[in-house]
There are 2 protein chains.
Amino acid sequence: MSNHVREIPHPPADRLELAAILRTCGEPVRLAMIRTLAEAGTELKSGAVTGAVGLPTSTCSYHLKLLREAGVTRTRAAGTERYISLRRDDLEARFPGLVDVLLRG
Amino acid sequence: MSNHVREIPHPPADRLELAAILRTCGEPVRLAMIRTLAEAGTELKSGAVTGAVGLPTSTCSYHLKLLREAGVTRTRAAGTERYISLRRDDLEARFPGLVDVLLRG
């Protein structure tokens, strides 16, 4: 059995770009995903995020990919499972107040 | 001489939508326009906004239209002149902290 874990790319915290993050968060499904993850306060299986927004898995995978690529979320692979978390500390450090705006709006 | 002023439509403050605003602000030229208007602290002629970002007038008009339609800015017509202002109070009332994030980021 292999311990190989496929590397999932994430932008480092000091390379997060405000414009890209705003653009990515400015979509109701993705805002709902961010709020689901924030409420959980921990990583969630991708299926739990998908279940919370009530859309097809393929649609949700697309939105989760955009969130990860913008640096809003982190995706961790464990076997065939994907665990998603909000990069709350990274976002808060780089753009203070942004997460609160996203959660309150 | 006519006193007719063409009505320029703006979404009312209580109808501002976070997703639309984030999406609209998530573009470097539009962020630069928002910062120019915030620094001015008052309305600016559209030409002054255009001059600040250094892009063709037609491109800037397009970006200013999107900002107005999302409710981020207000456009006032006076003769052939257009005066642009940031709807800072409306934004702050509806999405506290958002403007600070946009200006700091």
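Every read-out reported here was derived from the displayed coordinates using simple, explicitly stated rules and does not represent laboratory data. In this text, all values refer to a predicted model and were calculated from it rather than measured experimentally. Methodologically, a virtual Cβ is constructed for each residue, glycine included, from the backbone with ideal geometry; neighbour enumeration extends over all protein chains shown.
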(request) For residue B:81, put the label point 7 Å out on the Cα→Cβ axis and report which residues of the stretch B:44-65 keep their amide N under 18 Å from it. (result) B:44-52
(request) Let me have the relative contact order for chain B, percent, based on Cα pairs under 8 Å that are six or more residues apart. (result) 35 percent
(request) Mind pulling up the Rg/Rh value for chain A? Radius of gyration and Kirkwood radius, both on Cα. (result) 0.96
(request) Give me the distance between the Cα centres of the stretch B:1-77 and the stretch A:46-78, rounded to whole Å. (result) 33 Å
(message) Using the Kirkwood formula on the Cα atoms of the protein assembly as shown, what hydrodynamic radius do you get, in angstrom to one decimal?
(response) 18.7 Å
(message) If each DSSP helix of 4+ residues adds -39,500 (n - 2.57) and the sum is divided by the residues in the protein assembly as shown, what number results at 222 nm, nearest 500 deg cm²/dmol?
(response) -15500 deg cm²/dmol
(request) Report the charge-dipole magnitude of the protein assembly as shown in Debye, nearest 20, computed about the Cα centre from +1 at each Lys and Arg Cβ and -1 at each Asp and Glu Cβ. (result) 340 debye
(request) Would you tell me the mean number of C-beta atoms belonging to other protein chains that fall within 10 Å of each C-beta in A:17-27, as a whole number? (result) 6
